[in-house]
Amino acid sequence: MTKFLFLIVRNRLAAAGGIVLLLVVVLALVTPLLPLQPPNVTDTADRFLGPLAPGHLLGTDHLGRDLLSRLLWGTRLSLAVGFAAAVIAAVIGAAIGIVAGYFGGRTDNVIMRGVDMLMAFPYILLALAIVAALGPGLMNALIAVAAVNVPFFARNIRGITVGIANKEFVEAAKLAGMGHWRIIGLEILPNVLPVIVIAMSTTIGWMILETAGLSFLGLGSQPPVADLGSMLGEARSALITNPHTSVVPGVMILFIVMGINLLGDGVRDALDPRLRSGALTRPMAATTVRRESVPEAATGESLLAVRDLETRFHVGKRIFRAVNKVSLTVAPGECLGVIGESGSGKSVTALSVMGLVASPPGVITGGRADYRGADLVGMPYRKLRRLRGDRIAYIFQDPLATLHPLYRVGDQLAEAITVHHAVGRAEAQARAVELLNDVRIPNAESRARAYPHELSGGMRQRVGIAMALANAPDIIIADEPTTALDVTVQAQILALLEDLRRARGLAVVFITHDFGVVGQLCDRVSVMYAGRVVEEGPTDAVLAAPAHPYTRRLIACVPELGQGRRKLHSIPGLPPPVDNLPEGCAFAPRCDKAQDACRRGEIPLDPTGARAVRCLYPEEDLSVRGGTG
Amino acid sequence: MGGYIAKRLLSAIPVLMGITVIVFSIMALIPGDPATAILGSYATPENVAELNRDLGLDRPAPVRYFIWLGNMLQGDFGRSFSLNRPVIDEVLDRFSATLVLAGTSFVLCALLGILAGVVSAARQYGLADKAITFAVLLGISIPSFFLGMMMILFFAVRLQWLPVSGMYAIYGGGGLVDLLRHLAMPAIALSVVATGVIARLSRSAMLEVLRQDFIRTARAKGVGERRVIWRHALRAAMVSIIPVLGIQAGFVLSGAVYIEIVFQWPGVGRMLVDAILTRDILLVQGGVVFVAACYVMFNIAVDVAQSLLDPRIRT
Ligand code: SF4
């Protein structure tokens with residue numbers, strides 16, 4: 001509760017709204033005690049005095065009545081009527097909602113049908129019909145406004161009640177033979193009460209505005225008594241000659257409604273944890289780059305060379321070092337496997353290369369990634385965009401979430417081509433069908449017109465692959481492309497990727513958690529743990545003789561190469577949270593060879609020939625084996 | 001697609017029936033004797049009894065309801081005693097004026113609201129976003145009738161750009177330009193609140209969508225940022241924006257009542273208020289049923305638009 005209040009106070013606008021509102025309410029409460037002139041006494045000699053006239057701070061209206069006094073009394077009336085309408089609507093609506101939600105079945109059905117019918121009206125029509133039946137008057141306007149808001153409460157409260165009515169404690173009470181009404185009173189009501197209060201506070205502004213509106217139309221409060229709405233309505237005929245009589249009540253309504261809105265927004269933000277964590281921010285077109293220094297470009301003839309890459313996530317005050325000085329290289333036509341558990345930073349590494357890490361919260365804080373000698377990390381967005389999907393393509397993990405749900409797959413494929421090449425619609429469509437053929441989708445012609453939800457998981461992943469192939473790229477980064485699929489489909493997709501790679505001489509970076517897949521596809525492998533590379537080398541050598549204890553465990557998880565889906569649950573313990581890494585070896589808490597030395601100081605990635613390992617007590621002495629495997 | 005529309009139209013029948021039942025029940029609450037109200041206090045008891053028989057008021061309520069419903073289905077909404085003309089004629093005349101006003105406002109608030117919301121989301125926390133957020137806050141807080149009055153003071157009285165009120169100039173008016181000049185202020189005043197609400201919702205819908213995986217896919221394909229926002233993201237966000245447009249249309253229609261009073265617009269809202277003040281019950285009843293039925297139909301159109309947009313709900 002105190003945290004909640006704190007959040008509201010910290011939100012300056014909400015606090016301002018709250019203060020304005022509080023002032024208005026206090027003024028309305030003390031109005032009878034203030035030395036004001038009587039609000040309804042007319043004085044035709046003093047008609048339409050301007051503001052600051054002697055004796056009348058805000059002037060007088062068309063009958064010479066003191067505006068300040070009428071304003072305060074009117075505010076008092078408007079607030080009271082709005083509040084009363086909110087209470088009445090809340091009580092009746094909640095009662096209906098609780099009964100419907102608690103008893104369910106036919107009762108619920110009949111009641112909610114009725115509520116839906118009421119909601120089919122534009123609210124004012126219903127209110128006008130009620131006032132027409134009851135006759136104009138403030139009480140009747142109040143009843144009308146309360147009545148049109150009952151369905152809103154009924155529907156909200158019903159939803160909450162249905163949830164509670166199925167909970168164990170209600171079942172228990174029923175079994176204990178408690179009567180329905182006692183259960184509602186003792187078990188249900190206390191639980192829905194907070195919701196009722198919140199719903200009431202969010203609608204009270206509406207109620208004030210609606211009753212003021214009816215009064216403005218002459219259907220609410222009747223002369224000589226005036227609420228803010230009827231003050232405005234009466235002043236309307238003198239709008240042009242004496243605008244101040246309109247402005248005074250109008251501004252007061254504006255203040256009240258704005259105060260309520262500001263406060264309401266603050267309350268909503270404070271209650272909605274998604275907004276609080278700042279999660280509802282949009283990722284930018286490319287990941288933010290904030291590098292303090294840029295390392296030298298790597299030498300050698302690699303197609304893609306990642307060097308000392310660092311990517312962090314800033315969430316609140318915590319900083320997650322998702323990628324911590326990672327270096328990788330891929331030669332033309334080569335397949336590099338990047339393997340690790342979820343949270344090891346392997347996907348973030350891959351996404352960082354093309355600036356696709358969501359930002360905020362992600363920031364690339366160091367390192368570089370050279371593609372044919374150009375640093376992708378430091379590249380301006382316009383140049384980077386032209387490489388994306390054209391020279392370097394992605395295959396994402398979950399094809400249902402990663403394909404646009406509302407566009408036909410053929411159009412999505414065609415778009416991949418047209419954003420990079422000036423080809424006509426028909427040609428792009430024809431290319432799309434060809435691509436679907438290439439990834440062995442039967443009936444490609446008709447499948448191109450399908451929406452993603454109409455395809456099977458395996459088909460969708462084939463579409464994802466086709467999209468990556470669209471512009472014949474040099475490199476494909478495949479981010480766990482088979483994890484969401486079942487075993488047989490997985491094998492088909494892997495075979496397809498392997499064929500395509502060989503046929504086209506593609507370089508592939510294959511992100512996975514499965515050593516079986518790596519063994520099947522990859523020439524070399526880099527093993528990642530807690531944001532760092534802990535071992536790398538040719539696949540055969542690493543598989544035959546893993547040097548890092550973690551690698552050995554990963555391999556041990558694979559029962560037989562190339563078969564079935566495997567999870568890494570068999571390694572005891574969990575990877576450490578990367579915002580709070582232990583000093584020394586990050587794997588130490590889970591390593592059965594860990595010594596005191598492991599927990600002290602930085603352990604370097606120690607290269608020997610084609611292999612390298614980051615461990616003080618490796619399983620294999622690489623220098624003895626010569627690193628050739 | 002045709003099947004879906006037919007299904008939605010069929011489902012509207014019980015709703016329309018419900019609307020007539022509700023209106024009829026509310027009107028049955030009326031204290032006193034409608035015949036006396038119509039004839040005034042000079043009527044003799046014989047006159048009253050005769051009128052009651054003419055109006056069918058001496059029969060039980062369910063019978064009266066079905067007679068009323070049957071007549072309405074044949075286009076007979078009864079006769080307005082205060083205007084001495086068929087209710088349906090008056091309602092149709094007035095409703096067309098309201099349609100011009102509310103329709104324009106609705107188009108305005110939908111276009112401006114979505115535009116503002118998208119820009120706001122695309123420039124989240126930027127200057128444009130802050131300016132829009134502030135304008136939206138102001139917009140949703142100002143009562144439309146007060147805003148209308150202030151606009152009259154400023155644009156019609158002070159600057160003399162636009163006519164104070166009415167739908168056409170009394171002398172020499174009547175053309176489209178004349179209509180637009182009269183329409184500008186009321187249409188804008190009416191659209192402000194809804195624009196704010198739609199802008200707000202569009203902003204959060206866009207922020208929600210922009211975090212989705214398929215947006216990242218579009219970027220990975222090399223799609224430019226403008227296209228990502230206006231095509232990929234907006235299309236997906238429309239799925240949650242369209243239902244709100246339907247709801248806001250109801251609010252625009254409701255707000256039209258105030259605006260029609262402020263600007264002396266000869267619409268159905270002003271007609272209803274006048275009818276209530278003169279206790280012309282048949283006119284109120286007919287007007288409310290007619291407008292509510294139109295609103296139900298409009299909402300079906302919204303649902304159909306939604307299904308056109310989202311292939312997943314098309315059945
Ligand atoms: S450095 Fe020590 S703790 Fe880390 S993996 Fe090697 S042996 Fe285990």
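The values are calculated or read from the model by the stated rules, or taken from the named source; none is laboratory data. Every value quoted in this text rests on a predicted model; they were computed, and no experiment measured them. Glycine also receives a Cβ, built like all others from the backbone with ideal geometry; neighbour counts cover every protein chain displayed. In case anyone asks, the SASA skips ligands and DNA or RNA and just uses the protein heavy atoms, side chains included. Shrake-Rupley method; radii C 1.70, N 1.55, O 1.52, S 1.80 Å.
Rg and Dmax of the stretch B:218-314 over Cα atoms: what are they, in angstrom?
19.9, 66
How large is the charge dipole for chain A, taken about the Cα centre, if only the Cβ atoms of Lys, Arg (+1) and Asp, Glu (-1) carry charge, to the nearest 20 debye?
Magnitude of the dipole: close to 320 debye.
Any idea which of A:Tyr371, A:Ala393, B:Pro86 is furthest toward the positive side of the dipole for the protein assembly as shown, if Lys and Arg beta-carbons carry +1 and Asp and Glu beta-carbons -1?
Value: A:Tyr371.
Taking the Cβ of B:Gly287 as the center, what net charge do the other residues with Cβ under 9 Å away carry, scoring Lys and Arg +1 and Asp and Glu -1?
My count for the surroundings of B:Gly287 gives 0.
What ranking, highest mean first, results for peptides B:149-156, B:64-71, A:533-540, A:609-616 when packing means the other Cβ atoms within 10 Å averaged over each residue?
A:533-540, A:609-616, B:149-156, B:64-71
Averaged over its residues, how many other protein chain Cβ atoms are within 10 Å of peptide B:148-158's Cβ atoms? Kindly include the intermediate steps, with their values, before the conclusion.
Details: counts 2, 9, 7, 0, 5, 5, 1, 0, 1, 4, 1.
Counting other chains' Cβ atoms within 10 Å and averaging over B:148-158 gives 3.
Report which residues of the stretch A:122-163 become buried by 40 Å² or more of accessible surface when going from the isolated chain to the complete set of protein chains (1.4 Å probe; DNA, RNA and ligands ignored).
Those are A:Pro122, A:Tyr123, A:Ile124, A:Leu125, A:Leu128, A:Ala129, A:Ala132, A:Ala133, which lose 40 Å² or more relative to the chain on its own.
Report which residues of the stretch B:98-143 become buried by 10 Å² or more of accessible surface when going from the isolated chain to the complete set of protein chains (1.4 Å probe; DNA, RNA and ligands ignored).
Going by heavy-atom accessible area, the residues of the stretch B:98-143 that drop by at least 10 Å² are B:Ala122, B:Gln124, B:Tyr125, B:Leu137, B:Leu138, B:Ile140, B:Ser141, B:Ile142, B:Pro143.
Starting from a Cα-only point model with no solvent, please compute log10 I(q)/I(0) by Debye for the stretch B:96-266 at q = 0.12, 0.18, 0.19 1/Å.
Per q value, in the given order, log10 I(q)/I(0) is -0.60, -1.04, -1.11.
Ranking request for peptides A:374-387, A:255-268: highest mean number of other beta-carbon atoms within 10 Å first, then the rest in descending order.
Ranked by mean Cβ neighbours within 10 Å, highest first: A:255-268, A:374-387.
Express the carbon and sulfur contribution to the solvent-accessible surface of the protein assembly as shown as a percent, rounded to the nearest whole number, probe 1.4 angstrom. Display every interim value, and only then the final one.
Working: 25600 of 41410 Å².
Reported share for carbon and sulfur atoms: 62 percent.
On the Cα set of chain B, report Rg and Dmax in Å, please.
Computed over the Cα atoms of chain B, radius of gyration and Dmax are 23.8, 85 Å.
Please list B:17-28, B:75-86, A:508-519 highest first by mean number of surrounding beta-carbon atoms within 10 Å per residue.
Put in order of decreasing packing, that is A:508-519, B:17-28, B:75-86.
Scan around A:Val525 for amide H atoms under 5 Å from its own, H built in the peptide plane at 1.01 Å from N, and keep only partners 5 or more places away or cross-chain.
Here the answer is A:Gly337, A:Gly537, A:Thr539, since their amide H atoms fall under 5 Å of that of A:Val525.
What number comes out for accessible area per residue over the protein assembly as shown if the probe is 1.4 Å? Units Å², please.
Averaged over the residues of the protein assembly as shown, the accessible area is 44 Å².
Accessible area of B:Thr44, 1.4 Å probe, to the nearest 10 Å²?
Counting only protein heavy atoms, B:Thr44 exposes about 50 Å² to solvent.
I need the phi-derived Karplus couplings for the stretch A:404-415: 6.51 cos²θ - 1.76 cosθ + 1.60, θ = phi - 60°, integer Hz, Gly and Pro marked x.
Here the 3J(HN,Hα) series is 5, x, 9, 10, 5, 5, x, 5, 5, 5, 4, 4 Hz.
Considering every residue in B:221-231, what mean count of other chain Cβ atoms within 10 Å of its Cβ is obtained?
Mean inter-chain Cβ contacts per residue within 10 Å come to 6.
Give me the summed buried accessible area for the B-A pair, 1.4 Å probe, to the nearest 100 Å². Write down the numbers at each step before the final one.
Working: alone 17480 and 30780 Å², together 41410 Å².
For chain B against chain A, roughly 6800 Å² becomes buried.
Towards the positive end of the charge dipole of the protein assembly as shown, with charges on Cβ (+1 Lys, Arg; -1 Asp, Glu), say which of B:Phe95, A:Leu506, A:Val81 has the farthest Cα.
Towards the positive end, the residue furthest out is A:Leu506.
Find the centroid of the Cα atoms in the stretch A:311-381 and in the stretch A:462-495, then give the distance between the two in whole Å.
Spelled out, the Cα-based centre of one part sits 20 Å from the other.
So, in Å, what gap is there between the alpha-carbon centers of the stretch A:579-612 and the stretch B:1-23?
First find each Cα centre; the distance between them is then 69 Å.
Using a Förster distance of 41 angstrom, determine the FRET efficiency expected from the C-beta separation of A:Ala172 and A:Arg268, and round it to 0.05.
With a Förster radius of 41 Å, E is 0.75.
Taking every residue in B:206-217, how many Cβ atoms of other protein chains lie within 10 Å of its Cβ, on average?
Across the residues of B:206-217, the mean count of other-chain Cβ atoms within 10 Å is 6.
Once every DSSP H run of n ≥ 4 in chain A is given -39500 (n - 2.57) and the sum is divided by its residues, what mean residue ellipticity at 222 nm do you get, rounded to the nearest 500 deg cm²/dmol?
It lands at -15000 deg cm²/dmol.
Out of the DSSP beta bridges found with both residues in the protein assembly as shown, what percent are antiparallel (nearest 5)?
Counting DSSP beta bridges with both partners in the protein assembly as shown, the antiparallel share is about 60 percent.
Report the far tail of the P(r) of the stretch A:14-135, meaning the percent of Cα-Cα pairs longer than 18 Å.
70
Between the stretch B:225-258 and the stretch A:415-455, what is the C-alpha centre distance in whole Å?
31
Obtain the radius of gyration and the Kirkwood radius of the protein assembly as shown from its C-alpha atoms and give Rg over Rh.
Using only Cα positions, Rg/Rh for the protein assembly as shown is 1.07.
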